[in-house]
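Written out below as structure tokens is the structure these notes cover.
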Amino acid sequence: MSRPGPTGAHEDPAAVLGAAAELLAALYARGQDGGTPAVSPSQWRALLAVEAAEGINLRALGSLLDSRPPSVTRLCDRLEAMGLLTRAPHPSSRREVELRLTPRARALLDERRTARERALTAVLARMTAQDVDALVTGLAAFREAAAGLLPAEAAASTPGPAAAATPDADVPSAAQAAATPPTAPRASRIPDTA
């Protein structure tokens, strides 16, 4: 556990950030509860990746999810059967397939983001305005510093300051979750932490 140092700063900022990320994970998990249809963490990650890059192909989705082609194909089969994803031939390349969200998938994402926004708002309401400002400033600086660590492909697709990415797409990083409006699209590599 970190203790404030002589300047009031925490001795181990990474541990403090890690603890905050765990709390955010718990808050974000609430947004998953009770949704219909029930979506697994890997399916959720895929939906977020497709939302961030509408028209993405299977190979690029597999790269974002760190999954092999057969696994990505089966995942997309399940999402399509649930009415959450459509696949269509690419307009200029018959060998490629474009992936797109259905209106049902968009409604599901919106519903879960609304639940998550309520949970985050309840926590932020318990903080002073000064603490909220400091949090937002610190998270913006963290996000800027972290952006340089993303692979070139992910960095190019990472949204600007008003949006962010998520790890286990069920669970955003501490920086991303607090600095990102829940309705903003997510983009970047979506690691599996489950």
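Measuring r between the beta carbons of ASP110 and GLU11 and using R0 = 35 Å, the FRET efficiency lands at 0.30.
A straight chain from GLU144 to THR73 at 0.36 nm per residue would run longer than the Cα-Cα distance by 22.2 nm.
Every number here is computed from the coordinates shown, using simple stated rules; none is lab data. Just so you know, these numbers come straight off a predicted model, no measurement behind them. All Cβ positions, even for glycine, are placed from backbone atoms using ideal geometry, and neighbour counts span all protein chains on display.
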